[in-house]
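Here is the structure we will look at, set down as structure tokens.
The values are calculated or read from the model by the stated rules, or taken from the named source; none is laboratory data. Fair warning: this is a prediction, and the values are worked out from it, not measured in the lab. Glycine also receives a Cβ, built like all others from the backbone with ideal geometry; neighbour counts cover every protein chain displayed. SASA here: full protein model, heavy atoms, side chains in, ligands and nucleic acids out. Shrake-Rupley method; radii C 1.70, N 1.55, O 1.52, S 1.80 Å.
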Amino acid sequence: MNPLLNRLQPYPFERLRALMADVRPSPAYRPINLGIGEPQHPTPNFIRQALADHLEGLARYPATAGGPELRQACAAWAGHRYGVTIDPGTQVLPVNGSREALFALCQVVVDSSRPRATVVCPNPFYQIYEGAALLAGAHCHFAPVDAARNFAVDWDAVPEQVWSQTQLLYVCSPGNPTGAVMSLAEWKRLFALADEYGFVIASDECYSEIWFGENPPLGGLEAAAQLGRNDFRSLVMFTSLSKRSNVPGLRSGFVAGDARILKAFLQYRTYHGSAMGPAVQAASCAAWGDEAHVEENRRLYREKFARVLPILQPVMDVQQPDAGFYLWAGTPIDDVTFARGLLENYNCTLLPGSLLAREQGGRNPGAGRVRLALVADVDSCVESAERIAAHIRSL
């Protein structure tokens, strides 16, 4: 077996199951699970219909690069959303959801034969970043978040020596689990570092279409264009239909950016067998071409946050995130103990923040916080907030 597999950490939900295995949830309440970030709004009917209408595609092998119609739909959406011009033939590549692509790009970019090959990512973080780095034979360095800046990543905390060894940087904006959005100044800083040290930036933007203010979150391609980097050098953006269109089971997204990197990524994917089926491509074209369902999706999330926050803010440290569908909330006691008690007494599941982070300097930056995924229906989210508030008052 590949010895690098032994370096992998248990996945957060695997650890959560183990930590909760001996807890008997209260039968007085129906179960509500806010632990997993799986969208639960209904899939729009027109996407389902587009999938059903193209099932004849099951009889054909799909091209790894995707069909020209899908690449054009992706490029058109990026142009509409970010005001950028990208070449559908060289700067766009459909992928089977952002998760597999985030993992696979690391295998393409990292040269483990170089001394102390390093991948940098935020802390707390989406665990795919770490797993991808370890299986590519690299070391993972964690950049801590700054609670004083609504949990934006403190990139200045990364030593210069680490940057000099870095081959890939994962950024997540809007962030998981914090919801923080990167500013243009942050992007300018990271682009300068990428130019100086020669690393690739992988920009995970799968939560980009859920926001609460007047303006949508700044994207990596958009930031690059505003800073005159119209070739998107050293940058690959990852996006997905899962959260935007409520189709996590469709496994559909795309990457866009530096044509040189995407050429190598396509070569890798051709051998890896990561082609998207024609029926999924047709459904994806329909989804990328419509914004009305996205606006309704966003409205539902805004309603949930508007109703949940007034219940929670009087009893716990929690603020409106910049974007995304998570609340990153402080707990009055140890986060694991808090989550166990909530499940036992109120049959409500949350994800302890310490499971989403790695210890740095003797401290786990996720400790004392929990992640609430407001993915259930509005009434269930409100009911869960009331249970959490009652649990805190009972402590």
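What to note about this one:
- Subset of the range 110-142 [over 21 Å from Asn176 (Cβ atoms) and of a type outside the set (Gly, Ala, Ser)]: Val110, Asp111, Arg114, Pro115, Arg116, Thr118, His139
- For the range 331-360, a residue qualifies if it is assigned to a loop (DSSP other than H, G, I, E, B), open to solvent by less than 10 Å² (accessible area, probe 1.4 Å) and under 23 Å from Cys140 (Cβ atoms), and exactly one does: Ala357.
- Out of Leu227, Leu169, sole residue that is farther than 21 Å from Trp77 by Cβ and under 20 Å from the mean Cα position of the chain (by Cα): Leu169
- The range 315-330 - residue that is out of contact with any Leu (no Cβ under 9 Å at 6 or more places or on another chain) and assigned to a loop (DSSP other than H, G, I, E, B) and, of those, modelled with the lowest pLDDT: Asp322
- Which numbered condition Arg363 misses (of (1) exposed (fewer than 15 other Cβ atoms within 10 Å of the Cβ); (2) basic (Lys, Arg); (3) at pLDDT 95 or above): (3)
- Residue match in the range 307-314 (condition: aliphatic (A, V, I, L, M), outside any helix (DSSP H, G or I) and in contact with a helix residue (DSSP H, G or I) (Cβ under 8 Å, 6 or more places away or on another chain)): no
- The one condition from (1) open to solvent by 10 Å² or more (accessible area, probe 1.4 Å); (2) of a type in the set (Val, Ile, Thr); (3) touching a helix residue (DSSP H, G or I) at 6+ places or on another chain (Cβ under 6 Å) that Val119 does not meet is (1).
- Arg387 being over 15 Å from Phe305 (Cα atoms), in contact (Cβ under 8 Å) with a residue 24 or more places away in the chain and part of a helix (DSSP H, G or I): yes
- For the range 26-71, the set of residues classified as among the charged types (D, E, K, R), in a loop (DSSP other than H, G, I, E, B) and farther than 29 Å from Ile210 by Cβ consists of Arg60 only.
Yes/no per residue for (1) among the hydrophobic types (A, V, I, L, M, F, W, C); (2) crowded, with 20+ Cβ neighbours inside 10 Å; (3) closer than 25 Å to Gln267 by Cα:
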{"residue": "Gly79", "(1), (2), (3)": "no, no, no"}
{"residue": "Gly83", "(1), (2), (3)": "no, no, no"}
{"residue": "Asn96", "(1), (2), (3)": "no, no, yes"}
{"residue": "Arg149", "(1), (2), (3)": "no, no, no"}
{"residue": "Tyr170", "(1), (2), (3)": "no, yes, yes"}
{"residue": "Pro177", "(1), (2), (3)": "no, yes, no"}
{"residue": "Met182", "(1), (2), (3)": "yes, yes, no"}
{"residue": "Ala185", "(1), (2), (3)": "yes, no, no"}
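- Once the range 253-302 is narrowed to residues that are crowded, with 23+ Cβ neighbours inside 10 Å and aromatic (Phe, Trp, Tyr), the residue that is farthest from Gln107 (Cα to Cα) is Tyr301.
- Taking every residue in the range 1-15 that is assigned to a helix (DSSP H, G or I) and pairing it with any residue that is at pLDDT below 95 and open to solvent by 60 Å² or more (accessible area, probe 1.4 Å), at least 6 positions away or on another chain, the pairs with Cβ-Cβ distances below 9 Å are Phe13/Ile36; Arg15/Gln9.
- Lone qualifier among Thr178, Thr239 - being within 14 Å of the chain's Cα centre (by Cα), part of a loop (DSSP other than H, G, I, E, B) and of a type in the set (S, T, N, Q): Thr178
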